[in-house]
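First comes the structure, then the notes that go with it.
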Amino acid sequence: MKSIFLPLTEPLGLIWLFMLIGVGFHLWRRQWRSAAWLGIPTALLFVLGSTPLVHALVANAERPYASALRSQTSALRSPSSAILVLGGGYYPSEHDLYGFALGSGASRILTGLELAKEGRATNLVLGGSVPLPGTDEVTSAKVQNWVTSLGVRGITVTNLGLCRNTFEEALAFKPLMQSNQWTSVLLVTSALHMPRSIALFRKQGLAVEPVACDFHAYGTPKPGFCIFPSYANFELWALYTHEKIGWLVYKLRGWI
């Protein structure tokens, strides 16, 4: 019973409750038009935040890359030339021990490290990032220092430097791959982000094999129905729409 009312501790759940009360008030006053105008967003918040719809959409988008992950980690026998871990999953934090902190998507780094420990490649390339506040050093350089300090044997660690998005990461990685004559690259990124990433790199003529991680819905506990909208569902919705809009923008720009 307590979990049912838990979303009311979040601003979203409380606002929705007041909206619902407002709809009921307008209906009681027979103010049909006002009830309809308030009822539409109230119903939309309910569908997206209370039902399993968003979880199902994200799980469906992630599903194709779950099998790709299993095939890479079990069937791949010969080492690849490099492991490329796209940026994200960390942010600058000057008071943390290593100068950065892990956030959502940090399993990208953990997956890349595990592949390196298994000997899947002799080169580990960390994606790009923006500069640290007030310096020219990028956050991924801090992450590189930490990865190097772990002492994983037989692996060379580098980063792509200053990159504002995945497109710039693809541009930065292309000359690196060509100059080192790498022929096979394991591309590590979030499952939801994988379709756009693969399209970007292949548009640049780079052969990459997907190793997905950071699954938000597929293979995770399925949420039950709750009468009050949950903020967690809208976090999933934001990730989902970000990728869909990102794909459209990249397509219009000719990047994919």
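Of the trypsin sites (Lys or Arg not before Pro) found in segment 101-163, the ones in coil according to DSSP and having at most 13 other Cβ atoms within 10 Å of their Cβ are 153.
With contributions of -39500 (n - 2.57) from each DSSP H run of at least four residues, the per-residue ellipticity at 222 nm computed over the chain stands at -17000 deg cm²/dmol. May I ask you to list the lysines whose Cα is less than 21 Å away from that of residue 222, ignoring any residue fewer than eight positions away on the same chain? Correct list for residue 222: 2.
Between residue 40 and residue 156, the simple spin-label model (points 7 angstrom out along Cα→Cβ) gives 5.9 nm.
Between 0 and 90 degrees, the angle of helix 32-50 with respect to the longest Cα principal axis of the chain falls at about 40 degrees. Were the residues from residue 97 through residue 225 laid out at 0.36 nm apart, the gain over their Cα-Cα distance would be 42.0 nm.
Report Rg(Cα)/(2.2 N^0.38 Å) for the chain, keeping two decimals.
Details: Rg = 22.0 Å, N = 256, 2.2 N^0.38 = 18.1 Å.
It is 1.22.
Just the accessible area per residue of the chain, please: how many Å² with a 1.4 Å probe? So the chain comes to 55 Å² accessible per residue, rounded to a whole number.
Can you send over the carbon and sulfur percentage of the accessible area for the chain, probe radius 1.4 Å, protein chains only? Please report the intermediate quantities before stating the final value.
Working: 8560 of 13990 Å².
The C+S portion of the solvent-accessible surface of the chain is 61 percent.
The modelled label-to-label distance between residue 235 and residue 251, using points 7 Å beyond Cα along the C-beta direction, is 2.9 nm. Helix 139-149 axis versus longest C-alpha principal axis of the chain: approximately 60°, rounded to the nearest ten. For residue 156, the residues whose amide H sits under 5 Å from its own are 123, 124, ignoring neighbours fewer than 5 places away on the same chain, with H placed 1.01 Å from N.
Could you give the Stokes-Einstein D for segment 131-191 in µm² per second, using the C-alpha Kirkwood radius, 25 °C, 0.890 mPa s? Can you show the working numbers first?
Values: Rh = 13.4 Å.
Calculated translational D: 184 µm²/s.
Loop sites by DSSP among the chymotrypsin sites (Phe, Trp or Tyr not before Pro) of the chain, restricted to those with at most 16 other Cβ atoms within 10 angstrom, leave 99-224 as the longest stretch without any of them. Taking amide H atoms as placed 1.01 Å from N in the peptide plane, the amide H of residue 138 lies under 5 Å from those of 132, each 5 or more residues away in sequence or on another chain.
The values are calculated or read from the model by the stated rules, or taken from the named source; none is laboratory data. Just so it is clear, the structure is predicted and the values come from calculations on it, not from any experiment. Positions of Cβ are generated from backbone atoms using ideal geometry, with glycine treated the same way; all protein chains shown enter the neighbour counts. Keep in mind that these areas ignore ligands, DNA and RNA; they rest on the heavy atoms of the full protein, side chains included. Shrake-Rupley method; radii C 1.70, N 1.55, O 1.52, S 1.80 Å.
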